[in-house]
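Colleague: Just dropping this structure here.
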Amino acid sequence: MTRSGSTLVGVYGTLKRGHANHGAFLAGFPLVRAGAVRIPFRLFGNEEYPMLVPADEVNAVFVETYRVDAETVSQLDAFEGQFGYRRVEIVPEGETEPVAVYVHPGPPPPDFIPAPGGEWNGEPAAFAGALARVQNRARLALACPGWHTRVDRGLQRARAAPRAAHVVTPVSPDDAYRCDRGSPARPDG
């Protein structure tokens, strides 16, 4: 695990390159390898984050492996620990050097699904979608006073309905400016 004061850490979610937490913890550390490793865990996820849980069988999971210092391991322990993850040392099939990965005791929440091919890539799209929803809420608040009460009531009804009974349809930016009367009311025009 340690070579001259360093530790190999395998990441599979928001700590990977291009994801939200990479820059805060792993920027500047060398990427040792990236690819599927066979480990006794299974990867689940939703759009926002993944969860690696113990499994009875060995599964292929896509990880990026970095060589980091002890201070970074301590920071990662604190970060992942706040969400119930713990660091475990594993030796992937065919490897000789142990790698630290962060594992949740599970089980995954009901909205989590097995990651296709053992690789999770959900978060950038989820953040983009969440950002668009926040921006649309702000525009609607300016254009249609009281809109949030109507939307919140609609969401409550939709959440109470059986899951298959409703479909969420994205709206175009122009539609986001329409009030109940159907007349366009754009705050910028």
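The values are calculated or read from the model by the stated rules, or taken from the named source; none is laboratory data. Source: prediction; values computed, not measured. Using ideal geometry, Cβ is built from the backbone for each residue, glycine included, and neighbour counts are taken over all protein chains shown. The protein model used for the area step is the full one, side chains on, heavy atoms only, and it has no ligands, DNA or RNA in it. Shrake-Rupley method; radii C 1.70, N 1.55, O 1.52, S 1.80 Å.
Colleague: Against the conditions (1) touching a Phe, Trp or Tyr at 6+ places or on another chain (Cβ under 6 Å); (2) modelled with pLDDT under 85; (3) of a type in the set (Phe, Trp, Tyr), where does Trp147 fall short? Just the number, please.
Modeller: (1)
Colleague: So, one more: Quick one: in the range 110-138, which of the residues that are of a type outside the set (A, V, I, L, M, F, W, C) and open to solvent by less than 40 Å² (accessible area, probe 1.4 Å) is modelled with the lowest pLDDT?
Modeller: From the range 110-138, those of a type outside the set (A, V, I, L, M, F, W, C) are 110-111, 114, 116-119, 121-124, 129, 133, 135-137; that's our starting set.
When the remaining residues are screened for being open to solvent by less than 40 Å² (accessible area, probe 1.4 Å), the result is 118, 122-123, 129, 136.
On the way: Gly118: 92, Gly122: 78, Glu123: 59, Gly129: 53, Asn136: 57.
Checking each candidate, the answer is Gly129.
Colleague: I would also like to ask the following. Can you tell me how many residues in the range 85-126 are in contact with a strand residue (DSSP E or B) (Cβ under 7 Å, 6 or more places away or on another chain), in a loop (DSSP other than H, G, I, E, B) and free of Cβ contacts under 8 Å to residues at least 40 places away in the same chain?
Modeller: Final tally of qualifying residues: 1.
Colleague: Taking the options Gly5, Gly45, Gly10, name whichever one is over 22 Å from Asn121 (Cα atoms) and touching a residue at least 60 places away in the same chain (Cβ under 8 Å). Give the derivation first.
Modeller: Details: Gly45 fails: over 22 Å from Asn121 (Cα atoms); Gly10 fails: over 22 Å from Asn121 (Cα atoms).
Exactly one residue qualifies, and that residue is Gly5.
Colleague: Counting only residues that are on the phi > 0 side of the Ramachandran plot and assigned to a loop (DSSP other than H, G, I, E, B), which one in the range 2-42 is most open to solvent (accessible area, probe 1.4 Å)? Reasoning before the result, please.
Modeller: Residues of the range 2-42 that are on the phi > 0 side of the Ramachandran plot, as a first pass: 4-5, 18, 28, 35.
Retained after the next criterion (residues that are assigned to a loop (DSSP other than H, G, I, E, B)): 4-5, 18, 28.
Details: Ser4: 121, Gly5: 55, Gly18: 70, Gly28: 84 Å².
Among them, the one singled out is Ser4.
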